[in-house]
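A.B. asks: The structure under discussion is supplied below as structure tokens; questions concerning it will follow.
Laboratory data are not the source of any read-out in this text; all were calculated from the coordinates shown. Everything numeric here is computed off the predicted structure, so don't read it as measured data. Every residue, glycine among them, receives a Cβ derived from its backbone with ideal geometry; neighbour counts consider all protein chains shown.
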Amino acid sequence: MITINQYVRAQSLEEAYELNQKRNNRIVGGMLWMKMQRGRVGTAIDMCDLGLDTIEETDEEFSIGAMATLRQLELHEGLNSYSDNAVRDAVKDIIGVQFRNLATVGGSIWGRFGFSDVLTVLLAMDSYVELYKGGIIPMEEFARMTYDNDILVRVIVKKVPAKVIYNAMRIQRTDFPVITCALSVVNGEYRSVIGARPGKAVVVRDEAGRLKGGINEESASAFARDVAMKVHTGSNIRGSAEYRTHLVEGLTLRNLMNMGGKC
Amino acid sequence: MEISIKLNGRSIKCDIDPDMLLIDLVREHGCYSVKRGCETSNCGLCTVLMDGKPVLSCSMLAARADGHEIYTLEGLQEEANEFAGFIADQGTEQCGFCNPGYVMNMVALLRENPDPTDEEILHYLAGNLCRCSGYEGQLRGFRAYLDYKKSKES
């Protein structure tokens, strides 16, 4: 368990940022992962008073505040209509409703956790993060960045023409995923996103143009094989690298065949 | 630090440590239905309602509850009494340890969705673990209550 010397509800992003520059201070998201850690936190910085707990929709984009919860993602009609329920599918098996009412989008994305269903599904869309000092950057770039002391303000999902499908393999419902797999076609570009490899999610694009002529059994199998070859997998308590690679191919193929009917 | 919360309908002020968890705060105030189970945010034993939404009190700083309304089973006796008997009738309460968490989440489900399907019930209660019963009893009990409610209404 962590110990906390001081708790501050930041009254501005600037205050949160300033406090976060000190090494042993920490931003509190849902606190679900932080609670599992050990150590001493100087100041726990809570951004719950900054109005970042909403999902706003305009004609061009969804703006998801860092303090919005996974349950809000699950229930947001606009976001789920846009993503063909892929967002709901991605979060619905994350523990339980009580957990998802606490877990924040900001905490899930900032952590860039290997097991993250949320990062996987957002990478499949035209998504960005807004950092307080770093500005707006593509989610894919953010996922590769090293941790710093900036503050994640919101996640942006652009409403470009897209189809998204989400699938994950779990040994048991509500457990960590063995592998996560999202497939999307965004502005005509196919991408397969693979997470829980067990490393953090990576994006594989159809560089060889396997799906150029559309989705059929042959093209889908070829792309699924490409994805399985390109994605580096590893072993842990939930599965071996070989098993994961097998799942990558299988789930990508399944997603493609399901998407075939939607394109 | 001092916080003010409304606990089971009663406004209270408390002097707390910055790292105090909500579960410890409510138990200090006599709400012993709220239990510590897995310590990994998985089991749902510590479920309370914050502003009407079910949350895990074992994973939330008490300081974040400042200014909010918290309900535990102690404050929802009347609402819970309606269906708790149906759960007991199925022999679901073998050790009973998980039961308060279940009942709290069932209250939340019924407020959100008064007529859930079996699939919706299982989905909503997936964050409540029971190591005695295998879950079928809870589902049967809950279904029996919903059927009884419907028959009473018609």
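A.B. asks: Among A:SER219, A:SER116, A:SER192, whose mean-square fluctuation peaks in a Gaussian network model of chain A (Cα, cutoff 10 Å)?
C.D. replies: Largest GNM mean-square fluctuation: A:SER219.
A.B. asks: Radius of gyration and Dmax for region A:102-228's Cα atoms, expressed in Å?
C.D. replies: Rg then Dmax for region A:102-228, in Å: 15.2, 47.
A.B. asks: Within a 10 angstrom radius of each residue's Cβ in B:58-70, how many Cβ atoms of other chains show up on average? Whole number is fine.
C.D. replies: For this peptide, the per-residue mean of nearby foreign Cβ atoms is 4.
A.B. asks: With the convex hull built on the Cα atoms of region B:93-152, state its orientation-averaged projected area in nm².
C.D. replies: Details: hull surface 15.6 nm².
Averaging across all directions leaves 3.9 nm² for the Cα convex hull.
A.B. asks: Relative to the compact-globule scaling 2.2 N^0.38 Å, provide the ratio for the alpha-carbon radius of gyration of region B:2-74.
C.D. replies: Dividing the Cα radius of gyration by 2.2 N^0.38 Å gives 0.97.
A.B. asks: Could you let me know the centre-to-centre spacing of region B:1-44 and region A:151-198, using Cα atoms, in angstrom?
C.D. replies: Distance between centres, Cα-based: 36 Å.
A.B. asks: Pick from A:ARG244, A:ARG40, A:ARG225: which is most flexible by mean-square fluctuation in a GNM of chain A where alpha carbon atoms under 10 Å apart are linked?
C.D. replies: Looking only at A:ARG244, A:ARG40, A:ARG225, the largest GNM fluctuation is found for A:ARG40.
A.B. asks: At 7 Å along Cα-to-Cβ for each site, give me the label-to-label distance between A:ILE137 and B:GLU39 in nm.
C.D. replies: Here the modelled spin labels are 3.7 nm apart.
A.B. asks: When A:PHE115, A:PHE176 are ordered from fewest to most other Cβ atoms inside 10 Å of their Cβ, what list results?
C.D. replies: Numbers: A:PHE115 25, A:PHE176 21.
Going from least to most buried by this count: A:PHE176, A:PHE115.
A.B. asks: Further question: Report the paramagnetic label zone for A:GLU60: residues of region A:156-188 whose backbone N is under 16 Å from a point 7 Å from Cα along the Cα-to-Cβ axis.
C.D. replies: Only A:156-161 fall inside the zone, counting backbone N under 16 Å.
A.B. asks: Would you mind computing the Rg to Rh ratio of region A:55-158 from its alpha-carbon coordinates, Kirkwood style for Rh? Mind showing how you got there, number by number?
C.D. replies: Numbers: Rg = 12.6 Å, Rh = 13.6 Å.
Rg/Rh: 0.93.
A.B. asks: Simple spin-label model, 7 Å along Cα-to-Cβ: A:ILE171 to A:MET229 in nm?
C.D. replies: 3.1 nm
A.B. asks: Quick one: P(r) of region A:179-232 from all Cα-Cα pairs, 5 Å bins, percents rounded to integers, in order of increasing distance.
C.D. replies: 4, 20, 32, 25, 13, 5, 1
A.B. asks: Right, something else. Show that you can apply the helix-only estimate: for the protein assembly as shown, add -39,500 (n - 2.57) for every DSSP H stretch of four or more residues, divide by all residues, and state [θ] at 222 nm to the nearest 500. Numbers along the way, then the final one.
C.D. replies: Details: 15 runs with 143 residues, N = 417.
Calculated from helices alone, the mean residue ellipticity at 222 nm is -10000 deg cm²/dmol.
A.B. asks: So how tilted is helix A:241-260 from the main axis of chain A? Cα-based, degrees 0 to 90, rounded to 10.
C.D. replies: 70 degrees
A.B. asks: How many Cβ atoms of partner chains, on average, are near each residue of B:44-56 if near means within 10 Å of its Cβ? Walk me through the numbers before you get to the answer.
C.D. replies: Numbers: counts 5, 0, 1, 4, 1, 2, 3, 1, 0, 6, 8, 9, 11.
Averaged over the peptide's residues, the number is 4.
A.B. asks: For the Cα atoms of chain B, what angle does the longest principal axis make with the long axis of helix B:136-153, in degrees from 0 to 90, nearest 10?
C.D. replies: Helix B:136-153 sits at roughly 80 degrees to that axis.
A.B. asks: Could you give me the percent of Cα pairs per 20 Å distance bin for the protein assembly as shown, shortest bin first, beginning at zero and ending with the bin that holds the maximum distance?
C.D. replies: In order of increasing distance, the bins hold 26, 54, 20, 0 percent.
A.B. asks: How crowded by other chains is B:83-89, given as the mean number of beta carbons from other chains within 10 Å of each beta carbon?
C.D. replies: Details: counts 0, 0, 0, 0, 0, 0, 0.
What the average comes to for B:83-89 is 0.
A.B. asks: How many angstrom lie between the Cα centre of region A:11-81 and the Cα centre of region B:93-107?
C.D. replies: 30 Å
A.B. asks: Still on this structure, please answer the following. In the structure displayed, which of A:LYS158/A:LYS230; B:LYS13/B:LYS35; A:LYS133/A:LYS158; A:LYS92/A:LYS133 lie more than 24 Å apart, Cα to Cα? List each step's numbers first, then the result.
C.D. replies: Values: A:LYS158/A:LYS230 27 Å; B:LYS13/B:LYS35 22 Å; A:LYS133/A:LYS158 21 Å; A:LYS92/A:LYS133 32 Å.
The answer is A:LYS158/A:LYS230; A:LYS92/A:LYS133.
A.B. asks: Another one. Modelled label-to-label distance, B:ARG111 and A:MET257, 7 Å Cα→beta-carbon offset: nm?
C.D. replies: 4.4 nm
A.B. asks: If the viscosity is 0.692 mPa s and the temperature 37 °C, what translational diffusion coefficient in µm²/s does Stokes-Einstein give for chain B when Rh comes from Kirkwood over Cα pairs?
C.D. replies: Numbers: Rh = 15.9 Å.
Estimated diffusion coefficient is 206 µm²/s.
A.B. asks: Still on this structure: Hey, can you rank A:164-175, A:207-218 by average C-beta count inside 10 Å, highest first? Show your work: numbers first, answer last.
C.D. replies: Values: A:164-175: 17.7, A:207-218: 12.4.
Ranking, from highest mean packing down: A:164-175, A:207-218.
A.B. asks: Just A:ILE156, A:ILE95, A:ILE45 to compare: in a GNM of chain A, with alpha carbon springs under 10 Å, which one fluctuates most?
C.D. replies: For chain A, modelled as a Gaussian network with Cα springs under 10 Å, the answer is A:ILE95.
A.B. asks: Round to the nearest 10 and give me the degree value, 0 to 90, for the angle of helix A:217-230's Cα axis relative to the longest principal axis of chain A.
C.D. replies: 40 degrees
A.B. asks: Taking N as the number of residues in region A:2-46, what value does Rg over Cα atoms divided by 2.2 N^0.38 Å take?
C.D. replies: Working: Rg = 10.0 Å, N = 45, 2.2 N^0.38 = 9.3 Å.
My calculation over the Cα atoms of region A:2-46 gives 1.07.
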